[in-house]
1. Using Cα pairs closer than 8 Å and at least 6 residues apart in sequence, work out the relative contact order for segment 1-143, in percent.
2. For segment 8-14, just list the computed ³J(HN,Hα) in residue order, Karplus coefficients 6.51, -1.76 and 1.60, θ = phi - 60°, integers in Hz, with x standing in for Gly and Pro.
3. Return the inverse of the average 1/r over all pairs of distinct C-alpha atoms in the chain, which is the Kirkwood hydrodynamic radius, in Å to one decimal.
4. Could you check how much of the accessible area of the chain is carbon and sulfur, as a whole percent, using a 1.4 Å probe?
5. Assuming R0 = 25 Å, can you tell me the calculated FRET efficiency for the pair residue 31 and residue 69, based on Cβ-Cβ distance, to the nearest 0.05?
6. For residue 82, enumerate residues with amide H under 5 Å from its amide H, sequence gap 5+ or separate chain, H modeled in the peptide plane.
7. Measuring from centroid to centroid over Cα atoms, what is the spacing of segment 25-64 and segment 91-131 in Å?
8. In segment 1-87, which chymotrypsin sites (Phe, Trp or Tyr not before Pro) fall in coil by DSSP and have 16 or fewer other Cβ atoms within 10 Å?
Amino acid sequence: MRYIVYVSQAAKAFSTDNLAALLEHSRDRNSADDITGLLIYRYNDDFRRGNFLQVLEGPEDAVADVWSRISSDPRHHTIIVLEEGESDARAFGDWSMGFRNVDEQDFAGFVGFSELGSDQFWQDAKKQALPDAMAALRSFYDGV
């Protein structure tokens, strides 16, 4: 299994309806392409920007195809890959695309991610100075 974890900034804030449409399309497409994963969205009021944190996993060719679409999607920018690699098994196997719309409290216990969207967060992300992003995402999956 190939996986990729990335963070990005939304080009504009996503409404509940925008997120629902994005998820419906993603889940249909991911199911057809054998992709699983989790998408986190957080709107940071202090910095007035929406942010995505996502993990995708699946067969190498399928991940490459979906990554090509995601990385050229104009609905977000400042895309930074936090982790990528190979694994023996899926970490998010039950979800074609799990989703959480989080707030500050949801990330309070995650060093480095508690300020998702802040200027410091983006500086750390660009320097690859964030702790284990996969572990943070996995905790949302395990908590279900």
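1. 35
2. Each residue's phi maps through the Karplus curve to give 8, 9, 5, 5, 8, 4, 9 Hz.
3. Radius from the Kirkwood sum: 15.2 Å.
4. Carbon and sulfur atoms account for 45 percent of the accessible area of the chain.
5. 0.95
6. 5, 6, 7
7. 13
8. Those that pass, being in a loop and sparsely packed, are 47.
The values are calculated or read from the model by the stated rules, or taken from the named source; none is laboratory data. Remember, it's a predicted structure, so these values are computed and weren't measured experimentally. Cβ sites come from the backbone with ideal geometry, for glycine too, and all protein chains shown count toward neighbours. To get the accessible areas, we keep the full protein, side chains included, count just its heavy atoms, and leave off ligands, DNA and RNA. Shrake-Rupley method; radii C 1.70, N 1.55, O 1.52, S 1.80 Å.
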